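Remarks on the structure that follows.
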Amino acid sequence: MNKIRLMGAPTDVGASRRGASMGPAALRVADLGQALAQLGLEVRDSGDLAGPANPQLPPVQGLRHLEQVVQWNQTVFEAVGDALRQEELPLLMGGDHALAIGSIAAVARHCRQQGKELRVLWLDAHADANTDASSPTGNIHGMPVACLLGVGPQALTGIGGQAPALLPQQICQIGIRSVDREEKRHLRELGVRVYDMRHIDEHGMRLTMEQALSGVGPQTHLHVSFDVDFLDSALAPGVGTAVPGGPTYREAQLCMEMIADTGRLASLEVMELNPACDVRNQTAELVVDLVESLFGKSTLIR
């Protein structure tokens, strides 16, 4: 797809720390749209989606702001689905990672309708596979993987009309290094492929990405869910839940370039960028640099 539709989802309703709602503005300040246009892509910024404000309430039965998270995800589901119907590549600028429920549910529905094979690459420091019973906070941005795999409140698992929206073999996680105690058991029970930082340390990013991309072919719709805290916190301080020990700059570049090499990238979300925690917008600028690589920018013509 050479047509990109940028859309912002300025909310932090799924998180406990405020600030991710400013992520779309920070990416625009870092000239994300212009950077992609310079690669020869047709870029349309459709502006920000609208949704409920963050009420800043405590969890209810293990879930914080469920009603508001559902509303935001339904809006995201419709917007991403519309972009795909218009043969545009949706680039969702978050916002907290709970929004991936609506985004990926829309992509999954599109793939079912088009007979495409969906592959989701979840780039993140966190597994995001908690439930209302296991989450220490009740924050739903720690639950989207579980919800997409059918474990969670029906109001979220049913977005898109099919539960589960995803099957375990359709998703693999890369860069994981922070998993809650009960969440580890959930990951094993759900059957998610996880390439954690120990795997990357032992085998390198090249082999890790070869494994993660194995089987990607002409019928594959490749979706990348890029949580900015995937990156090492020394490189990318502008996130709400920073975790040290993530991929280096070069490892992250290789990850993005190998995804681009497949030619199958068809939808993308950039989540959890938090300008309130950043230094002179450096994290947003780094993200733009990496997204350029995702769309084919390289040092030499290859």
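For Leu99, state whether it is free of Cβ contacts under 8 Å to residues at least 24 places away in the same chain and either out of contact with any Asp or Glu (no Cβ under 6 Å at 6 or more places or on another chain) or under 27 Å from Val29 (Cα atoms) (or both). Spell out the reasoning first.
Values: free of Cβ contacts under 8 Å to residues at least 24 places away in the same chain: no; either out of contact with any Asp or Glu (no Cβ under 6 Å at 6 or more places or on another chain) or under 27 Å from Val29 (Cα atoms) (or both): yes.
Judged against the criteria, Leu99 is not a match.
Going by the structure shown, is Arg198 open to solvent by 60 Å² or more (accessible area, probe 1.4 Å) and at pLDDT 95 or above? Talk me through it step by step, then tell me what you get.
Working: open to solvent by 60 Å² or more (accessible area, probe 1.4 Å): yes; at pLDDT 95 or above: yes.
So Arg198 fits the description; yes.
Look at His141 and say whether it is farther than 30 Å from Glu42 by Cβ, open to solvent by 10 Å² or more (accessible area, probe 1.4 Å) and in contact with a His (Cβ under 6 Å, 6 or more places away or on another chain).
Values: farther than 30 Å from Glu42 by Cβ: yes; open to solvent by 10 Å² or more (accessible area, probe 1.4 Å): yes; in contact with a His (Cβ under 6 Å, 6 or more places away or on another chain): yes.
Yes: the conditions hold for His141.
Tell me, which helices (runs of 4 or more DSSP H) wholly within the stretch 18-130 include 1 or more residues that are open to solvent by 20 Å² or more (accessible area, probe 1.4 Å) and touching a helix residue (DSSP H, G or I) at 6+ places or on another chain (Cβ under 7 Å)? First the steps, then the outcome.
On the way: elements: 23-29, 32-37, 66-85, 100-114.
Answer list for the stretch 18-130: 23-29, 66-85, 100-114.
Check Leu166 against each of (1) in a loop (DSSP other than H, G, I, E, B); (2) modelled with pLDDT of 95 or more; (3) within 17 Å of Val70 (Cβ to Cβ) and name the one condition it does not meet.
Failed condition: (3).
Conditions first: (1) open to solvent by 10 Å² or more (accessible area, probe 1.4 Å); (2) touching a residue at least 24 places away in the same chain (Cβ under 8 Å); (3) under 27 Å from Ala146 (Cβ atoms). Val13 passes all but one, so which condition is the exception?
(1)
Could you check Ala155 against (1) open to solvent by less than 10 Å² (accessible area, probe 1.4 Å); (2) over 24 Å from Pro24 (Cα atoms); (3) part of a helix (DSSP H, G or I); (4) modelled with pLDDT of 95 or more and say which number it fails?
So Ala155 meets the others, but not (1).
Checking the structure you have, find out if any residue of the stretch 176-185 is surrounded by 18 or more Cβ atoms within 10 Å (Cβ to Cβ), within 20 Å of Ile104 (Cβ to Cβ) and touching a Leu at 6+ places or on another chain (Cβ under 6 Å).
No, the stretch 176-185 has no match at all.
Which numbered condition trips up Gly160, out of (1) assigned to a loop (DSSP other than H, G, I, E, B); (2) at negative phi; (3) under 18 Å from the mean Cα position of the chain (by Cα)?
The one condition Gly160 does not meet is (2).
Looking at the stretch 216-227 only, could you name the residues that are touching a strand residue (DSSP E or B) at 6+ places or on another chain (Cβ under 8 Å) and of a type outside the set (Phe, Trp, Tyr)?
Here is the first cut: in the stretch 216-227, the ones touching a strand residue (DSSP E or B) at 6+ places or on another chain (Cβ under 8 Å) are 216-217, 219-227.
Selection gives Val216, Gly217, Gln219, Thr220, His221, Leu222, His223, Val224, Ser225, Asp227.
Please go through the stretch 221-248 and pick out each residue that is of a type in the set (Ser, Thr, Tyr) and open to solvent by 10 Å² or more (accessible area, probe 1.4 Å).
First pass over the stretch 221-248, keeping only residues of a type in the set (Ser, Thr, Tyr): 225, 233, 241, 248.
Residues satisfying the conditions are Ser233, Thr241, Thr248.
The values are calculated or read from the model by the stated rules, or taken from the named source; none is laboratory data. Keep in mind it's a predicted model, so treat the numbers as computed, not measured. Positions of Cβ are generated from backbone atoms using ideal geometry, with glycine treated the same way; all protein chains shown enter the neighbour counts. In case anyone asks, the SASA skips ligands and DNA or RNA and just uses the protein heavy atoms, side chains included. Shrake-Rupley method; radii C 1.70, N 1.55, O 1.52, S 1.80 Å.
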